[in-house]
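Here's the structure, in structure tokens; my notes come after.
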Amino acid sequence: MQTDGYLRQIEHRIDALRKLPLEPGEYCRRWVSQDDSRGYRKSCIHAIATATGLSPSTVKDWGPDFVRCPRYVPYLLRQADLLNQFKHLALNKQISLPPDFPQE
């Protein structure tokens, strides 16, 4: 059985992590695989647009290394990264969702 101290430590780590920015290039390295039909950059732009709710043309305008992205975007990408990790764990049955987890 896990102790309360251990659970508090996990909670603290997650809270600290979610406050850290995740730059667009790092988000792509983590979550975008090479798509030969689309190309890596185009796939990356699409993934960032999906994660942030912004249009692909907006993301494309940030430049080749996304250096002109708004300051809030790395924080949105961190949230998306955490959700992607959570989804990955759930799909691999490493965690299970509670019965009252929202359906939509």
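Computed quantities for the displayed model
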{"item": "Which numbered condition L97 fails, given (1) of a type in the set (A, V, I, L, M, F, W, C); (2) loosely packed, with under 14 Cβ neighbours inside 10 Å; (3) within 19 Å of R29 (Cβ to Cβ)", "result": "(3)"}
{"item": "Leading residue by the ranking (surrounded by the fewest Cβ atoms within 10 Å (Cβ to Cβ)) among those in segment 62-80 that are farther than 23 Å from A16 by Cβ and charged (D, E, K, R)", "result": "R68"}
{"item": "Residue, farthest from P64 (Cα to Cα), within segment 28-51, restricted to residues that are free of Cβ contacts under 8 Å to residues at least 24 places away in the same chain and of a type in the set (K, R)", "result": "R38"}
{"item": "Candidate set from segment 28-61 (those that are within 11 Å of the chain's Cα centre (by Cα) and hydroxyl-bearing (S, T, Y)); member that is surrounded by the fewest Cβ atoms within 10 Å (Cβ to Cβ)", "result": "T50"}
{"item": "Odd one out for L7, checked against (1) hydrophobic (A, V, I, L, M, F, W, C); (2) crowded, with 16+ Cβ neighbours inside 10 Å; (3) part of a helix (DSSP H, G or I)", "result": "(2)"}
{"item": "Filter result for L83 (surrounded by fewer than 14 Cβ atoms within 10 Å (Cβ to Cβ) and under 17 Å from K19 (Cβ atoms))", "result": "yes"}
{"item": "Odd one out for R30 among (1) modelled with pLDDT of 95 or more; (2) at positive phi", "result": "(2)"}
{"item": "Inter-residue pairs, beta-carbon under 6 Å, first without any contact (Cβ under 8 Å) to a residue 24 or more places away in the chain and in segment 64-82, second crowded, with 17+ Cβ neighbours inside 10 Å and not in a helix (DSSP H, G or I), 6+ apart", "result": "R68/W62"}
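The values are calculated or read from the model by the stated rules, or taken from the named source; none is laboratory data. Nothing here was measured: the structure is a model prediction, and the numbers come from that model. With ideal geometry, Cβ positions are generated from the backbone for all residues, glycine too; neighbour counts draw on all protein chains shown.
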